[in-house]
Amino acid sequence: MGPAQTLAAILGLSTVSGVNLYLTVLLVGAGQRFGWIHGLPPDLAILGHPVVLAVAGFLFLVEFLADKVPFITPIWDGIHTFIRPLGGALLALGAAGDLHPVAKVLALLAGGTIALGTHGSKMGVRLLAHTSPEPAGHSVLSVAEDVGVIGLLALVYTHPAVALPVLGAILLATALLLPMLARTLVFVLAGLRGALRSLVGRGGRDEIPAWVELKLLERAPSDPGEVLPCFARRVKGLPRFHRAFLARAGGSWHLVHRRWFRTRILALDAGPGPVRTFPGFLWDSAVFLRDGKPQILLVGRDWRHALPKPEA
């Protein structure tokens, strides 16, 4: 293997391992055994052993089925938070072949990091898909991921010079998406916690941070009012799924949030409540106005009592 193919193999195996480790092992092993891939380093040639192929095939089948069930997927992905990065690191180390020991260590570290990044991206996208009640979307995502793994591996081992810029673009997109995916993770976990609390009959308020209370006291010292944890869905100046607090103080609604280490409070247009509310699975959408323009917030179901019912 030349330098370009070695680098493409290190980056490619790391990237796809974070998406589907078992399919990656199965494809590379089958490619070695049936002659589709030539010149693999000895550490990767072992993937073509019948026992390795059988185990990888069985685990891929289990993952293929688990990926189609919306509420099983996050559990499966959570378990693989430790497995996929380790597998990506070991595959990257094997792809390093006869490189200098220092280069092998760098490949091991890069492989684990890249696999962790793509795994986190996959998990975030799947959690984001949980905000949609359409079950077919999960199956489409799962199949698209598998097709992407197959296509990227084929590109790595047939046209490594083309694969390198493609992999660079994928890794750059992953790095740019990670902040949004981290917010999505917090959003979904908060929704699941609220749904579980409602299911077991435990109501009550979430703890309100001190910075929210201090900001509200500045605006309405004598009227602390109601404070509702929420997330931004479409709010000017806030990224999607940014955590905030909807507060009623001084007879009107305000949105309190913290960004770039600064606490801000946005006054919403005066009125008894949101213009409209839309019930959802984990969160309700509440439409408020600010300067006459709609601002959409996602509010937990356990706070429905604080919002006026929409007009019939």
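The values are calculated or read from the model by the stated rules, or taken from the named source; none is laboratory data. Remember, predicted model here, so these are calculated numbers, not experimental data. Methodologically, a virtual Cβ is constructed for each residue, glycine included, from the backbone with ideal geometry; neighbour enumeration extends over all protein chains shown.
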Just to verify a result, which residue in the stretch 68-126, among those that are polar (S, T, N, Q) and more than 21 Å from Gly29 (Cβ to Cβ), is surrounded by the fewest Cβ atoms within 10 Å (Cβ to Cβ)? Thr81
Looking at (1) at pLDDT below 90; (2) in contact with a Phe, Trp or Tyr (Cβ under 7 Å, 6 or more places away or on another chain); (3) within 26 Å of Arg126 (Cβ to Cβ), which is the only condition Phe60 fails? (1)
Scan Ser285, Ser198 and give me the residue that is over 21 Å from Pro179 (Cβ atoms), surrounded by fewer than 19 Cβ atoms within 10 Å (Cβ to Cβ), modelled with pLDDT of 80 or more and of a type in the set (S, T, N, Q). Ser285
Inter-residue pairs, beta-carbon under 6 Å, first assigned to a loop (DSSP other than H, G, I, E, B) and in the stretch 242-270, second surrounded by fewer than 16 Cβ atoms within 10 Å (Cβ to Cβ), 6+ apart: Gly250/Asp223; Asp269/Leu289
Out of Arg290, Arg262, which single residue is of a type in the set (D, E, K, R) and either crowded, with 16+ Cβ neighbours inside 10 Å or modelled with pLDDT of 90 or more (or both)? Arg290
From Thr73, Thr15, Thr6, grab the single residue that is among the hydroxyl-bearing types (Ser, Thr, Tyr), out of contact with any Phe, Trp or Tyr (no Cβ under 9 Å at 6 or more places or on another chain) and at pLDDT below 85. Thr73
Can you give me the number of residues within the stretch 6-42 that are closer than 16 Å to Gly111 by Cβ and within 30 Å of the chain's Cα centre (by Cα)? 19
Out of (1) modelled with pLDDT of 85 or more; (2) over 19 Å from the mean Cα position of the chain (by Cα), the one Glu226 does not meet is (1)
Cβ-Cβ under 6 Å pairs, at least 6 apart or on other chains, the stretch 21-49 side assigned by TED's automatic domain parsing to the domain that holds Ala154, far side crowded, with 21+ Cβ neighbours inside 10 Å and among the basic types (Lys, Arg): Leu21/Arg84
Say whether the condition of being touching a Leu at 6+ places or on another chain (Cβ under 6 Å) and assigned to a helix (DSSP H, G or I) is met by at least one residue in the stretch 62-82. no
